[in-house]
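The values are calculated or read from the model by the stated rules, or taken from the named source; none is laboratory data. The model shown is predicted, which means the values in this text are computed figures rather than measured ones. A quick note on method: Cβ atoms are made from the backbone with ideal geometry, for glycine too, and the neighbour counts reach across all protein chains shown. With ligands, DNA and RNA removed, areas are computed over all heavy atoms of the protein, side chains included. Shrake-Rupley method; radii C 1.70, N 1.55, O 1.52, S 1.80 Å.
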Amino acid sequence: MNLYLIIIFLSVLKNGSPFDLPNQSCGSDLTIDKDHYNASEVYDVGNAYPTDAHYDKYGNLFFIESGRNLDGYYFDAKVVKANSTVPEKVNGLPDGQCYSVTVDKTSSLVYFGTGRGIYAYNYNSEDTKLVSSPEIKPNELFLDKDGNKYITESDDGVEQLYLLSGERKIRFKSLEALNEVAVDDKNNFYFIKDDKLFVLKNNLSFPTLVGNVTYEGLGQISVHKNVVYVASETLYYIHENDTALKNVNLRDNVTAIAFDSSSNLALGTYGKIVKYENKNSECYHRKH
């Protein structure tokens, strides 16, 4: 054997491979592309669907609980605090009329869109207060990377998208009849319309089609580390520069998805939210 090859062979035996290698003994409850997760917690939400889930920087999970009672459909904001496994109702919001929640990660503020205006969460009192006119009634509420607020409102049954400037609403005339909406940290808008996922790039005037999805009234779009995820019955995902949506084979239909700062994952389905711990550091190892 060539002396140079012998030296490399002995080095590998002594120090291991210089590359990232899969750990063959590593098992995971959920695999998305090359990411491995293990289920660690289950949060009970009763006879309801969780949707519009978001982690704040402290590890608290905020979400909307959608259910039905004797009065009809209701939408309540809940939070699973970082040191708890029990969802709690967020105080100070109109009962049954909280339709969306969003987290401003630059200012550590949490906002709720309700049928009676936009509310902000106070971490000290664990209560909320109205921060807009009650005439603003968003079905969806989200923020871009600069902290600008966007809402959707239903006008004669057609969902419209607006930018908020104080109490003034500026309509996006090229976007209407939307279902779920999200914006990434480059201010690209993703939305579902007619069972299709579209993107409106920040440098374009009109949206382009990403791919077909299933939508039955509840779902969520989330963008994490340049990957777009769609929890809408099936869990779909697409990398920023890819051209085709992929889906994840799950036993249950999903209606919510959220990532925390450590890339742990929460998936919401009827009656529960399951938290998955990111275990990539266990499934891949590097030898030097």
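Quick notes on this one:
- Residues in segment 74-89 that are touching a residue at least 12 places away in the same chain (Cβ under 8 Å) and either surrounded by fewer than 17 Cβ atoms within 10 Å (Cβ to Cβ) or in contact with a Ser or Thr (Cβ under 6 Å, 6 or more places away or on another chain) (or both): Tyr74, Phe75, Lys81, Ala82, Thr85, Val86, Lys89.
- Members of segment 210-225 found to be exposed (fewer than 14 other Cβ atoms within 10 Å of the Cβ) and at pLDDT 95 or above, listed by number: Asn212
- Being surrounded by 13 or more Cβ atoms within 10 Å (Cβ to Cβ) and out of contact with any strand residue (DSSP E or B) (no Cβ under 7 Å at 6 or more places or on another chain) holds for only one residue in Lys196, Lys173, Lys201, and it is Lys201.
- Just one of the numbered conditions (1) closer than 18 Å to Ala53 by Cα; (2) among the acidic types (Asp, Glu); (3) open to solvent by less than 60 Å² (accessible area, probe 1.4 Å) is not true of Glu277: (3).
- Residues that are open to solvent by 20 Å² or more (accessible area, probe 1.4 Å) and more than 13 Å from Asp33 (Cα to Cα), drawn from segment 243-255: Thr243, Ala244, Leu250, Arg251, Asp252, Asn253
- Failed condition for Gly96, given (1) at positive phi; (2) open to solvent by 30 Å² or more (accessible area, probe 1.4 Å): (2)
- Unmet requirement for Val42, which otherwise passes all of (1) among the aliphatic types (A, V, I, L, M); (2) touching an Asp or Glu at 6+ places or on another chain (Cβ under 8 Å); (3) under 11 Å from Ile273 (Cα atoms): (2)
- For segment 109-131, filtering for residues that are more than 20 Å from Tyr58 (Cβ to Cβ) and either surrounded by fewer than 22 Cβ atoms within 10 Å (Cβ to Cβ) or among the basic types (Lys, Arg) (or both) leaves 5.
- For Thr106: the one exception among (1) open to solvent by 70 Å² or more (accessible area, probe 1.4 Å); (2) over 18 Å from the mean Cα position of the chain (by Cα): (2)
- Among residues of segment 33-47, those that are more than 18 Å from the chain's Cα centre (by Cα) and more than 20 Å from Ile238 (Cα to Cα), counted: 5
- The one condition in (1) under 24 Å from Thr255 (Cβ atoms); (2) loosely packed, with under 12 Cβ neighbours inside 10 Å that Glu135 fails to fulfil: (1)
- Val199 of a type outside the set (S, T, N, Q) and free of Cβ contacts under 8 Å to residues at least 40 places away in the same chain: yes
- Selection from segment 231-282 of residues that are under 27 Å from Lys186 (Cα atoms), in a strand (DSSP E or B) and aliphatic (A, V, I, L, M): Ala231, Leu235, Ile238, Val248, Val254, Ala256, Ile257, Ala258, Leu265, Ala266, Leu267
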